[in-house]
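The values are calculated or read from the model by the stated rules, or taken from the named source; none is laboratory data. The model shown is predicted, which means the values in this text are computed figures rather than measured ones. Cβ coordinates were reconstructed from backbone atoms using ideal geometry, including for glycine residues, and neighbour counts include every protein chain displayed.
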Amino acid sequence: MKFYVVVYLLFLSLAAAGQSGRVAGDGSSPDGKMSDKSVRELFEEAAAYVRTKASEMDAKKVQFSQEILDQIRRDQRMLAARYASIAELRLNRIPEDVYYTAMLYWMAGDQERTAAQFAVFLPADGGEPEAKQTARAISAASLAQLGRTAEAEALLADYSKNEPRKLAETSRIRNELAKAYLAKGDFARMAPHAAANYDAAKTLLADAASRPRALDELIDSASLLFEAYKGAGSAKLAEDALDEFRTTAAAINSLTMYFYAADQKIRYLIDIGRKPDAMKFYASIQTLIDQEVRTKPGQEDLRSRFIRRAPHYQLLGESAPEFTAAEVWFPGVRRTFADLKGKVVLVDFWATWCAPCIEAFPAINEMYSDLGPEGFEVIGITRYYGAEYGGVKDDVAELAGLKRFREQYKLQYDIVVSRGQADQLRYGATSLPTTVIIDRKGIVRSVEVGYSPGRLQQMRQEIVKLLAEK
């Protein structure tokens, strides 16, 4: 029983990081004693890999970092993939072997083979009830990630009829199903799973041990529930949900969730053509913060965030302002947003000294390459900084450096160089990077500050959606 608790905890910590597609492995064993170990022992070794490596580094006084942790996790997935491949080829496997082969594939991020192995294990005789339930939960989540929603729904129903049932496992299945239906645009089927998942996340917050994880899942599930109502065109439900998220966030003192809920409501109201209502709500936000947020530091933090957001709200739903301070446009020719009507445009405010800007270049390049034929344009806009950030004072030399910079990072799109901060201020781009998305009609649809892998993925989804608008 104790080991299945370990498996359950591992399910919670690793399921979100799973990626489809098999990780290649050469089938070799680090210690050369593969034949002496059971499949369960191979799984235990792979499951302990991160902890083992961390202990080794600690003993050697090696400084730990996120980059090192990411590499160790990649190595763990490779190890799990090798062990799974070898385990699957063993003759005369008992049900326990099949179970742990599936678990190894799951740890490796191979949802297809995870589901296939569990499909062999589940109808077989033997296996503890807890193992069967874990198999149903992981298999259902894996199938949902693969878009095989009917099979995932069947497993969820089977899971719900058996014991033991864990709220966190049920929530995970529903979370993946909600995401799968979101990808399919099936908002009617998405909404019940998103709502149940949101309620489960609120319940899990009561458990002190799971609070950090449950808080992340609460925000994720809130976002999914809003997207379900929004996608279904249920404006009242969407608006009410955002208000509920905000009051819940205040009750649990989550500033991140509070800002998300209020910011999303303003943006949503603008997006559905109710900008006066959006700005009226924005005008009331300072009072709401004073009434709902318990701590003074929290109140001040939120006030500051919304003050910085004000220029973006003013832009949303309006025609994109032209660049008035642009002096150089290369390698293409100068164009206005009026010229670009009919295309979806991403405006990326960046600088050569901005590390997050540079980190996002590959993703932006990929979007431009993939979506350009569908009518997508990118404009990267920077300005002359001179010696302000350790650069050169001479404009000619700085421009030459910018052209070399564009070649160095293989940027495929045009770069605009402005004089002074007028264009940045016009778009509220006082922090870098700032991205602006403009639709085919020349209307500003999104203004966001900063990049993250999640934000880049979301940005691509927004662009794809706008490209579909005619």
**Prompt:** Given the conditions (1) among the polar types (S, T, N, Q); (2) out of contact with any helix residue (DSSP H, G or I) (no Cβ under 9 Å at 6 or more places or on another chain); (3) within 25 Å of THR247 (Cα to Cα), which single one is not true for THR336?
**Reply:** (3)
**Complete:** Checking PRO362, PRO321 in turn, the sole residue that is under 16 Å from GLN412 (Cβ atoms) and not aromatic (Phe, Trp, Tyr) turns out to be PRO362
**Message:** Residues to consider are GLY401, GLY380, GLY372; find the one that is closer than 26 Å to LYS341 by Cα and in a helix (DSSP H, G or I).
**Reply:** GLY372
**Message:** Just to be sure before I move on: is LEU466 at negative phi, surrounded by 19 or more Cβ atoms within 10 Å (Cβ to Cβ) and of a type in the set (A, V, I, L, M) in the structure I sent?
**Reply:** yes
**Message:** Which of the numbered conditions does GLY317 fail, given that it passes all the others? Conditions: (1) in a helix (DSSP H, G or I); (2) of a type outside the set (A, V, I, L, M); (3) within 30 Å of GLN286 (Cα to Cα).
**Reply:** (1)
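Conditions tested, residue by residue: (1) modelled with pLDDT under 95; (2) over 29 Å from LYS465 (Cβ atoms); (3) surrounded by fewer than 16 Cβ atoms within 10 Å (Cβ to Cβ).
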{"residue": "ILE270", "(1), (2), (3)": "no, no, no"}
{"residue": "ILE285", "(1), (2), (3)": "no, no, no"}
{"residue": "ASP290", "(1), (2), (3)": "no, yes, yes"}
{"residue": "VAL293", "(1), (2), (3)": "no, yes, no"}
{"residue": "SER304", "(1), (2), (3)": "no, yes, yes"}
{"residue": "HIS312", "(1), (2), (3)": "no, no, no"}
{"residue": "GLY317", "(1), (2), (3)": "no, no, no"}
**Request:** Go through the residues of segment 181-191 one by one and say whether even a single one is assigned by TED's automatic domain parsing to the domain that holds ALA115, buried (at least 20 other Cβ atoms within 10 Å of the Cβ) and modelled with pLDDT of 95 or more.
**Result:** no
**Fill in**
Within segment 53-109, the count of residues that are exposed (fewer than 13 other Cβ atoms within 10 Å of the Cβ) and part of a helix (DSSP H, G or I) comes to 10
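Yes/no matrix, rows are residues, columns are (1) under 25 Å from the mean Cα position of the chain (by Cα); (2) of a type in the set (Val, Ile, Thr); (3) under 17 Å from SER369 (Cα atoms):
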| residue | (1), (2), (3) |
| --- | --- |
| PHE405 | no, no, no |
| TYR409 | yes, no, yes |
| GLN412 | no, no, yes |
| GLN424 | no, no, no |
| ARG445 | yes, no, no |
| LEU466 | yes, no, yes |
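Evaluate the following for LYS179: is it of a type in the set (Lys, Arg) and within 24 Å of TYR105 (Cα to Cα)?
Values: of a type in the set (Lys, Arg): yes; within 24 Å of TYR105 (Cα to Cα): yes.
Answer is yes for this residue.
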**Prompt:** Of ALA206, ALA200, which residue is at pLDDT below 95, crowded, with 20+ Cβ neighbours inside 10 Å and more than 17 Å from the chain's Cα centre (by Cα)?
**Reply:** ALA200
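Rundown of residues vs (1) out of contact with any Phe, Trp or Tyr (no Cβ under 8 Å at 6 or more places or on another chain); (2) closer than 23 Å to ARG211 by Cβ, yes/no style:
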{"site": "SER234", "(1), (2)": "yes, no"}
{"site": "LEU237", "(1), (2)": "no, no"}
{"site": "ARG246", "(1), (2)": "no, yes"}
{"site": "ALA249", "(1), (2)": "no, yes"}
{"site": "LEU255", "(1), (2)": "yes, yes"}
{"site": "ALA262", "(1), (2)": "no, yes"}
{"site": "LYS265", "(1), (2)": "no, no"}
{"site": "LEU269", "(1), (2)": "no, no"}
{"site": "ARG274", "(1), (2)": "yes, no"}
**Message:** Among the residues that make up segment 72-89, is at least one of them modelled with pLDDT of 90 or more, closer than 19 Å to THR114 by Cα and among the β-branched types (Val, Ile, Thr)?
**Reply:** yes
**Message:** Of all residues being part of a loop (DSSP other than H, G, I, E, B) and small (Gly, Ala, Ser) in segment 320-333, which is surrounded by the fewest Cβ atoms within 10 Å (Cβ to Cβ)? Just the residue, please.
**Reply:** GLY332
**Asked** So which residues in segment 191-220 are hydrophobic (A, V, I, L, M, F, W, C) and outside any helix (DSSP H, G or I)?
**Response** LEU205, ALA206
